[in-house]
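Take a look at the structure below.
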Amino acid sequence: MNNMTKEITYTPDAQKQIERAIVFMIKKIEEHCYNEKPIIMHSLRVGSELMEFKQEKNIVIAGFLHDLLEDTDCKPKEIEKEFGKKVVRLVLACTSDENIKDYKERWRKLVSNIKQAGHDAIIIKLIDQIANLPYYIMISDKQKKQEVMWKHRFFIDECQNNLKELRIFKDYKKMVNENEF
């Protein structure tokens, strides 16, 4: 499916830390979640895909936790305490600033933050974007559909220099351009 897979083996300790992240994520979502989509399934999909692509342990953990700051009462300090500075940095990079009211401005800032955080954050967001595609068909409001497609196309335009060699990015770009998902 891609050319992103690396030669990484998850040690038993790494697997235990990843599992701890999953439990932490589920607990935070069960305590209080602001999102109406099935966020546990979505977060499991993102983290699992990152594991399948043999991404480094902290990237995988950040993938499982990437929506917690936006969708729950979880605070960055909690993530840092449990999983370290790199994980919280990646999660923060993938978190939009809800104080920015204009969706385009908010999305531009998010993508800028992801790019500044580097390749690891861009990969997490790519997998997140792909995992979000199936929800597009559930949107009935025409304006909301246009907003979501604008976000996908903006991400593609802004990140293609970083991702253009990855087959999974090429597949994502094709799906978005053809609205085939």
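What the table below lists for this structure:
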item	result
Output for the range 92-112, where each listed residue is more than 13 Å from the chain's Cα centre (by Cα) and in a helix (DSSP H, G or I)	Y103, K104, E105, R106, W107, R108, K109, S112
Qualifying residues in the range 163-172 (those that are part of a helix (DSSP H, G or I) and in contact with a Leu (Cβ under 9 Å, 6 or more places away or on another chain)) - the one nearest to Q116 (Cα to Cα)	L163
Answer from I122, I139 - the residue that is buried (at least 20 other Cβ atoms within 10 Å of the Cβ) and aliphatic (A, V, I, L, M)	I122
Hits in the range 150-162 (condition: under 21 Å from D67 (Cβ atoms) and surrounded by 14 or more Cβ atoms within 10 Å (Cβ to Cβ))	K151, H152, F154, F155, I156, E158, C159
Filter result for D71 (within 15 Å of the chain's Cα centre (by Cα) and at negative phi)	yes
Cross-chain or 6+ apart pairs with Cβ under 8 Å, the range 63-80 first and within 14 Å of E30 (Cα to Cα), then at pLDDT below 95 and of a type in the set (A, V, I, L, M, F, W, C)	D67/I39; D71/C33; D71/I39; T72/C33
Test: residue in the range 92-111 that is at pLDDT 95 or above, more than 25 Å from P38 (Cβ to Cβ), charged (D, E, K, R) and surrounded by 17 or more Cβ atoms within 10 Å (Cβ to Cβ)	no
Output for the range 73-132, where each listed residue is over 15 Å from L163 (Cβ atoms) and small (G, A, S)	G84, A93, S96, S112, A131
When residues of the range 36-50 are limited to those that are surrounded by fewer than 19 Cβ atoms within 10 Å (Cβ to Cβ) and in contact (Cβ under 8 Å) with a residue 12 or more places away in the chain, the one nearest to Q15 (Cα to Cα)	L44
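The values are calculated or read from the model by the stated rules, or taken from the named source; none is laboratory data. Computed from a predicted model, the values in this text were never measured in an experiment. Using ideal geometry, Cβ is built from the backbone for each residue, glycine included, and neighbour counts are taken over all protein chains shown.
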